[in-house]
Amino acid sequence: MEKKLENLQILVNHLTYHYPDGTIALKGINLNIYSGEIVGIMGKNGAGKSTLIKTFNGLLKPTTGVVYIENDDVNNVLMSKLTRIVGIVFQNPDLQLFANTVEDEIRFSLKNLNFTKTELENQINLTLEKFKLKKFQNRTPFTLSGGEKKRLAIASIMCRNPKIIVFDEPTIGQDAEGVEFIRNLIKEKHSEGKTIIIVTHDIEFAIDNIPRTILMADGLIIADGPTNKILSQDQILNIGSLISPQLIQLSKFLIDSGFKVPDNAYLKENMIQFLGSFLKEKMEITEGGKP
Amino acid sequence: MSFEFMEAFKFIQKKTIIHSLDPRTKLLLATIYSILAIMFEEIFILFFIFLSFFPFIIAGQLFKKWIKSIRGMTFLFLLLIIFNTLFSTFSKSISMILRIMIMVSSFSLFFLTVHPDDLMLSLLSLKVPYNIAFSFSLSFRFVPTIAIEAQNIIDAQKSRGYEMEQGGLISQAKNLIPLLIPLIVCSMKRAFHIAESLDSRAFGSTKNRTYYYSISFTKKDWLLTVILIAFFIFGIIVKLFPDLLPNWLFWRFPV
């Protein structure tokens, strides 16, 4: 979708937030997020990332400034309404699992959404199938593996069908399969037109999956733009204590050595294509594919 | 829900005369004030005991924290007034409040100014076994951590539509389950992690442990101890021979 005013979904204006103990977590944030975007939020620990996302669903009220979610000022909207629009998936699934069975865990999330009984059961079944949790339906969540718990925690937010989905560190502690699952989920939700916000430290995940990145430092946004641009500027990387993704480093090295590397070589497929065709040109290939 | 009240028992490093006292002196201070508070129920006497505690709070630069802890108990005070006035007398409720204020103030002074490590050392010097002293100081060290975790759990559950419901006692208790179970599970997990980490550092493998820090009584400590004991003896004498005190100290509210 285009970045048009009518597609503007989150508008943050001069937002500051002070914690009750006096810590100033946000020092004046201005931010526009449009419907259907995938946005990454990066930055050091303590930069204010978590505080910022918690203002989106009403967990924290702005000290000064405004946050508009779908044209409603968060100060004037009930939290129960906000959490239907904005679903935050927290990092640690242990913080929210409590029910006797996996099924009940999903049911708890749907409790206050005014479903009829058949709708409710349908929604539970759909969610369990979709997140491959059907076989655990009657098991207690505490015996699930780390990856399965994470899936259940994500499912317990997704079943509420929020328009804006916020992931807090989705890839931490996940094996390759778990990361692949999250990657596919993000693609799928993006194709459904959802807005997706991802707080992460995982630069390799970000460069592959997140087109737009916001870099925060010390309660302020210091950079906002295409992820590959942000992750290739040394000055910005230094402030955010980040390291360039490996493919950006490689293409920089190649450019410095005088090669003509395409702009989009920060993506794996493009780099493979470039290097493949380049090497085919320059080297003879013997029988059996070995030079 | 707020855990501000917990803050009243969290140690903060400062350089004041109270912070530099030996933990055992401060334990004596808290104990003597608590015993005195229990011994008397006359409003004026309790009030003077309370006033005499003020210099310690001011010398320790703890006024803000102290006010917070008192404010955190407003609800309890209201309950005390209501129930005591209904079933006993108004005077009784006021003296109960003063008592609790004295006890909470004196123990919050102790926990606010004694470093958790020193707390352990002072227990050891009272001949408490090391294992028990260590678990005790560890449990205090984790109070703020658990408070933060509780807040995170509330946030996570609210994000999936959990609401703090109003209603009868039973429905409110049921309503706590989504918060309590994750809290217990996370605490147990942490406890196992700590146990593993202690084992991997050979905790308890030898009987004679080396202590890096030590605590010692200084002149200040001895001076305060003597004053405290004198104060305590004075309190006992007054309790035994109430005729020594002027009559107005025994004044009560007429209701």
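The values are calculated or read from the model by the stated rules, or taken from the named source; none is laboratory data. Computed from a prediction, not measured in an experiment: that's the story for all the values here. Positions of Cβ are backbone-derived with ideal geometry, glycine not excepted, and every protein chain shown enters the neighbour counts. These accessible areas exclude ligands, DNA and RNA; they are computed on the full protein's heavy atoms, side chains included. Shrake-Rupley method; radii C 1.70, N 1.55, O 1.52, S 1.80 Å.
Calculate the FRET efficiency for A:ARG212 and B:ALA59 from the Cβ-Cβ distance with a Förster distance of 60 Å, rounded to the nearest 0.05.
It comes to 0.60.
When Cβ neighbours within 10 Å are restricted to other protein chains, what is their mean count per residue of peptide A:57-67?
1
In whole percent, what relative contact order does chain A give with Cα contacts below 8 Å and a gap of six or more residues?
21
What shape does chain A have by the C-alpha gyration tensor, where a ≥ b ≥ c are the square roots of the eigenvalues, rounded means a/c under 1.5, and otherwise prolate means a/b greater than b/c and oblate the rest?
oblate
How many angstrom separate the Cα center of region B:72-144 from the Cα center of region A:106-125?
After rounding, the separation between the Cα centres reads 45 Å.
Can you give me the Cα centroid spacing of region A:216-260 and region A:15-65 in angstrom?
23
Quick one: length gained pulling A:GLN137 to A:ASN45 fully straight, 0.36 nm per residue minus the C-alpha distance?
Answer, rounded to one decimal: 29.5 nm.
Of A:GLN249, A:GLN233, A:GLN273, which has the largest mean-square fluctuation in a 10 Å C-alpha GNM of chain A?
A:GLN273
Using a Förster distance of 51 Å, how high is the FRET efficiency between A:SER241 and A:LYS117, based on the Cβ-Cβ distance and rounded to 0.05?
The formula returns an efficiency of 0.50 here.
Under Stokes-Einstein, with the Kirkwood radius over Cα pairs standing in for Rh, what whole-number D in µm²/s applies to region B:128-215 at 4 °C and 1.567 mPa s?
Approximately 81 µm²/s, per Stokes-Einstein.
Compute the label zone of A:ASP224 within region A:61-92: residues whose backbone N is under 19 Å from the point 7 Å along Cα-to-Cβ.
A:62-75
What number, in percent, do you get for the relative contact order of region A:200-291 if the mean sequence gap of Cα pairs under 8 Å and at least 6 apart is divided by its residue count?
19
Would you calculate the separation in nanometres between label points at B:LEU79 and B:ALA191, each defined as 7 Å from the Cα along the Cα-to-beta-carbon direction?
The answer from the label model is 2.5 nm.
Beyond 20 Å between alpha-carbons counts as too far, so tell me which of A:LYS135/A:LYS194; A:LYS61/A:LYS81; A:LYS61/B:LYS189; A:LYS111/B:LYS174; A:LYS49/A:LYS252 fall in that bin.
Flagged as over cut-off: A:LYS135/A:LYS194; A:LYS61/B:LYS189; A:LYS49/A:LYS252.
At 1.4 Å probe size, with the rest of the protein present, what percent of the exposed accessible area of region B:46-109 is carbon and sulfur atoms?
Of all accessible area on region B:46-109, carbon and sulfur atoms account for 81 percent.
If each residue of separation counts as 0.36 nm, what is the full-extension length gain between B:ILE100 and B:ILE148 once their alpha-carbon separation is subtracted?
Additional length available on full extension: 14.6 nm.
If you count only protein heavy atoms with a 1.4 Å probe, what accessible area per residue comes out for the protein assembly as shown, rounded to a whole Å²?
55
Have a look at B:LEU138, B:LEU176, B:LEU21 and tell me which one the Gaussian network model of chain B (Cα, springs below 10 Å) gives the largest fluctuation.
Greatest mean-square fluctuation among the candidates belongs to B:LEU176.
On a 0 to 90 degree scale, rounded to 10, what angle separates helix A:176-191 from the longest Cα axis of chain A?
Approximately 80 degrees, to the nearest ten.
What helices does chain B have that are whole DSSP H segments, at least 30 Å long along their own axis by Cα, and with mean Kyte-Doolittle hydropathy of -1.0 or more?
B:90-113, B:177-200, B:219-240
With the solvent-accessible surface defined on protein heavy atoms using a 1.4 Å probe, which residues belonging to region A:156-189 display a reduction of at least 10 Å² in accessible area in the multichain context relative to the isolated chain?
Going by heavy-atom accessible area, the residues of region A:156-189 that drop by at least 10 Å² are A:ILE157, A:ARG160.
When only Cα pairs under 8 Å and 6 or more residues apart are kept, what is the percent relative contact order across region A:77-168?
Once normalised by length, the contact order is 54 percent.
Towards the positive end of the charge dipole of region B:128-215, with charges on Cβ (+1 Lys, Arg; -1 Asp, Glu), say which of B:TYR162, B:HIS193, B:GLY204 has the farthest Cα.
Result: B:GLY204.
According to the Cα gyration tensor, what semi-axes, each the square root of 5 times an eigenvalue, does the equivalent ellipsoid of region A:169-291 have, listed from largest to smallest in whole Å?
Its equivalent ellipsoid spans semi-axes of 30, 21, 12 Å.
Provide Rg over Rh for chain B; use the alpha carbon set for both Rg and the Kirkwood Rh (inverse mean inverse pair distance).
With Rh from the inverse mean 1/r over Cα pairs, Rg/Rh is 1.03.
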